[in-house]
1. Return the residues of the range 236-251 that are farther than 15 Å from Asn163 by Cα and either part of a loop (DSSP other than H, G, I, E, B) or in contact with a Lys or Arg (Cβ under 9 Å, 6 or more places away or on another chain) (or both); say none if nothing qualifies.
2. Name the single residue that is nearest to Gly290 (Cα to Cα) among those in the range 200-213 being open to solvent by 10 Å² or more (accessible area, probe 1.4 Å) and of a type outside the set (Gly, Ala, Ser).
3. So if I check each of Val309, Val286, Val282, which one is modelled with pLDDT under 85 and among the aliphatic types (A, V, I, L, M)?
4. Which of the residues spanning the range 140-162 are assigned to a helix (DSSP H, G or I) and aliphatic (A, V, I, L, M)?
5. State whether one or more residues within the range 215-228 are surrounded by fewer than 22 Cβ atoms within 10 Å (Cβ to Cβ), in contact (Cβ under 8 Å) with a residue 60 or more places away in the chain and farther than 13 Å from Leu169 by Cβ.
6. Taking the conditions exactly as written (over 25 Å from Leu92 (Cβ atoms), away from ligand 2 (no atom under 16 Å from the Cβ) and in a helix (DSSP H, G or I)), does Ala232 satisfy them or not?
7. Which of the residues belonging to the range 250-274 are within 25 Å of Ile227 (Cβ to Cβ) and either buried (at least 20 other Cβ atoms within 10 Å of the Cβ) or touching a helix residue (DSSP H, G or I) at 6+ places or on another chain (Cβ under 6 Å) (or both)?
8. Hey, which of the helices (runs of 4 or more DSSP H) in the range 31-139, taking only ones fully inside, have at least 3 residues that are within 15 Å of ligand 2 (Cβ to nearest atom) and either open to solvent by 10 Å² or more (accessible area, probe 1.4 Å) or hydrophobic (A, V, I, L, M, F, W, C) (or both)?
Amino acid sequence: MGTFSATGISVPPDASARIDPRMGDEEIPRNVIVDLAKRPALHPHIVTFANEKGGVGKSTLAFHVAIALAHAGARVVAIDLDRRQRTLERGLSYRNGTAGNLGVALPMPQFGVVDQPSTACLYQTIARLGADADFVILDAAGADSPIFRRVVAMADTLVTPVNASFLDLELLGRVNPVSGMPDRAGCFGQTVAALREEKLAQNMGRIEWVVVKNRVRAAEKRHMSRIDDALARLATANDFRLSKGLSERLAFRELFQFGLTHLDLGLIPGMIRPQASTCEEVSTLVADLGLSFQQHDSAQAASLPARRVLRHTRHVFREALSAAL
Ligand SMILES: Nc1ncnc2c1ncn2[C@@H]1O[C@H](COP(=O)(O)OP(=O)(O)OP(=O)(O)O)[C@@H](O)[C@H]1O
Ligand SMILES: [Mg+2]
C-alpha cells in the first residue's frame, strides 16, 4: 500500500498515508460502505466537495455550483457538514436575506447543516430538505473523520478542489521531483481509492472523481505547467478527471456577505452587469462535472418568490450591494 509504481528512486515510508489505527474499526472502508448499504437508497445525485486539506475552496465551489444548478432549474439541496464554520449554510441564509431586502426572486437551493456528525442525522437532513431533489450538494469539513469518509463514499460525483501547490498535491499523491512520476499515494488519494474499491465491490455504484484547480493566478505560468504535468500524472494514477478550474478572482468572494454570485446580478434590477468571464468559469466548471437532470416545469424549480419590501429598505440594501462590487 502507498506506492504507485517503482521509479528506482527511493522515498521514505509515509506513515500518514496509512489508515489511522486510532479511528476504530468502524472506519475501515469496508465498514463505511456496509453502514451506507443499510440505509435507504437515495434518489438525488450526490455531489460531495471534499479534500482533507483545509482552505482550498470546497465551500466556495459548493456554493457556486449549488447556485448555478438552481439557476439551470434543478432542485438542489445543499448541506454543510462543517458545524463550526457553517460557510455554505451562512452564505445561503444571507441569500435569503438579500432576496427579502431587495424584493427579488432568486433561484434557491434548500439548505441546512448537520447537527450531529452521524450518518443517521445526515440521512434525516436529506429527507427533511428534499429526498426528491435532483442534486444533494455536500460540503465536507477539511479533515478526515468518520462522517468525512461517509460523505466521500456516498458521492456519485466527488469534487476535490486543490490549490496549484505541490504541498496540496501531496494529499493526492507524491510526484517524484526527479522523474516527474507519481511514486507514492497521498493520504486522501488512498482513502478515496479504498472507498471506491469497496463501493464497487458491494455493487453500490461508481464514485466519479473530479479534481479542480482553484485560485489559479495568471502570473504563475511556468510553475503552472509543472503543476499541470503532475496533476495529469496523478489523474492517471488515481483515476480522476481534471476540470479546467477556477482562477483567483475577487468576484468569487466579494458577494459572500450577500449570499450572491455574479450569476445572480442580472436578476437584480438596476445592478451592474455580471462579469461574463466569471460566469463562464462557473458554467465551465458545472459542465466539467457532467451533472445532468430532467428539466421541471418552472413551478417546480425552487425559487424564492419576490416579496414586498419598503422602498427605503430596498434602497439602502442596494446601495450596500453596489458598494461591495
Ligand atoms: N477562486 C477563488 N478566488 C478568490 N478567492 C477564493 C477562491 N476560492 C476560494 N477563495 C477564498 O479562499 C478562502 C478559502 O475558501 P473556502 O472557505 O471556500 O475553502 P474551504 O476548502 O471550504 O475551507 P475549509 O477547509 O476551512 O472548509 C476564502 O477566503 C475564500 O473566499
Ligand atoms: Mg469549507
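1. We begin by selecting, within the range 236-251, every residue farther than 15 Å from Asn163 by Cα; these are 236-241, 250-251.
Hits for the range 236-251 are Asp239, Phe240.
2. Glu208
3. Working: Val286 fails: modelled with pLDDT under 85; Val282 fails: modelled with pLDDT under 85.
Just a single option satisfies the conditions, and that option is Val309.
4. Step one: of the range 140-162, the residues assigned to a helix (DSSP H, G or I) are 146-154.
Result: Ile147, Val151, Val152, Ala153, Met154.
5. yes
6. Working: over 25 Å from Leu92 (Cβ atoms): yes; away from ligand 2 (no atom under 16 Å from the Cβ): yes; in a helix (DSSP H, G or I): yes.
Yes; evaluated as a whole, the condition is true for this residue.
7. Here is the first cut: in the range 250-274, the ones within 25 Å of Ile227 (Cβ to Cβ) are 250-253.
Result: Ala251, Phe252.
8. Ranges flagged: 58-71, 87-102.
The values are calculated or read from the model by the stated rules, or taken from the named source; none is laboratory data. If you're wondering where the values come from, they're calculated on a predicted model, not measured in any experiment. When we count neighbours, we look across all protein chains shown, and the Cβ atoms used for this are built from the backbone with ideal geometry, even at glycine. Protein only, heavy atoms only, side chains kept; ligands, DNA and RNA dropped before computing areas. Shrake-Rupley method; radii C 1.70, N 1.55, O 1.52, S 1.80 Å.
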